[in-house]
Amino acid sequence: MGKNVLVLNGSPRRNGNTAALVDAFAEGAAQAGHDVVRFDVALMDIAPCRGCLGGGADADSPCVQKDDMDAVYAAYRAADVVVLASPMYCWSVTAQEKAVLDRLFALMEAGMRAAEAAAAEAGGKGCVLLMPAEEDTERNFAPVVSYYEVLCERMGWRDLGRVLAGGVYRVGDIAGNPALDDARELGASLR
Ligand SMILES: Cc1cc2nc3c(=O)[nH]c(=O)nc-3n(C[C@H](O)[C@H](O)[C@H](O)COP(=O)(O)O)c2cc1C
């Protein structure tokens, strides 16, 4: 059965290397019959979390800040698979991608934590990491891989795969890179 796939692309470069990974992944997923919804979150109006701990009153709009996160919340609830697509910025995801992850906290304030725990027991949401970076070493990717693994564990997400594309820096550097085939195959392999 087709999955609802939510792509959160945190790159501010519209046609950058992350976008190329996302395009390849989405192509594979669509060919396999999955529905892909993509948010270019760095181009949206999404503020960082203020840490007010005051969210959760309205399940459909759980954060006190009213911005484009409301569309993300709805898509997140419906998603079977969450794709974190981001360039590496200082050994992590971009600030824009991180803001979205922080703002998911409001869903937990709205009671999604119990729902997520129940869903996790039943198989949970799947998760994928797509990330280009300039440096192509295990050491360079280690912090972000560690972050991703803990995030999956604590959010109750099942890791379905990662494409870490080192050695790409400028827009277009990823053209012809085998990582694009890996992303396409990963999209097609979703279960
Ligand atoms: C602010 C900033 C921080 C970066 N930090 C890292 C880093 O820690 N490690 C790395 O290998 N590349 C780093 N890069 C390079 C990007 O990850 C790389 O250029 C990537 O291909 C950009 O993807 P995009 O085209 O989707 O924006 C950084 C780039 C910028 C602009």
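The sole residue among Ala75, Ala59 that is away from the ligand (no atom under 16 Å from the Cβ) and out of contact with any helix residue (DSSP H, G or I) (no Cβ under 7 Å at 6 or more places or on another chain) is Ala75.
Test Arg38 against the criterion of being under 21 Å from Met69 (Cβ atoms), modelled with pLDDT of 95 or more and in a strand (DSSP E or B), and give yes or no. Walk me through it before giving the result.
Details: under 21 Å from Met69 (Cβ atoms): yes; modelled with pLDDT of 95 or more: yes; in a strand (DSSP E or B): yes.
Taking the combined requirement at face value, the residue satisfies it.
Candidates in the stretch 151-169 are the residues that are farther than 17 Å from Trp91 by Cα and part of a loop (DSSP other than H, G, I, E, B); of these, the one that is nearest to the chain's Cα centre (by Cα) is Trp157.
Number of residues in the stretch 1-35 that are near the ligand (Cβ under 10 Å from one of its atoms) and assigned to a loop (DSSP other than H, G, I, E, B): the value is 7.
If you take the residues in the stretch 78-93 that are more than 9 Å from the ligand (Cβ to nearest atom) and not β-branched (Val, Ile, Thr), which one is farthest from the chain's Cα centre (by Cα)? Among those that are more than 9 Å from the ligand (Cβ to nearest atom) and not β-branched (Val, Ile, Thr), it is Ala78. If Gln96 meets every condition in (1) of a type outside the set (Asp, Glu); (2) more than 16 Å from the ligand (Cβ to nearest atom); (3) over 20 Å from His34 (Cα atoms) apart from one, which number is that one? Status for Gln96: all satisfied but (2). Hey, could you check the stretch 130-186 for residues that are among the polar types (S, T, N, Q) and within 11 Å of the ligand (Cβ to nearest atom) and say which is surrounded by the most Cβ atoms within 10 Å (Cβ to Cβ)? Among those that are among the polar types (S, T, N, Q) and within 11 Å of the ligand (Cβ to nearest atom), it is Asn177. Please verify whether Ala115 is modelled with pLDDT under 95, in contact with a strand residue (DSSP E or B) (Cβ under 9 Å, 6 or more places away or on another chain) and in a helix (DSSP H, G or I), treating the condition exactly as stated. So Ala115 does not fit the description; no.
The values are calculated or read from the model by the stated rules, or taken from the named source; none is laboratory data. Note that the structure is a prediction, hence the values are computed from the model and not measured. With ideal geometry, Cβ positions are generated from the backbone for all residues, glycine too; neighbour counts draw on all protein chains shown.
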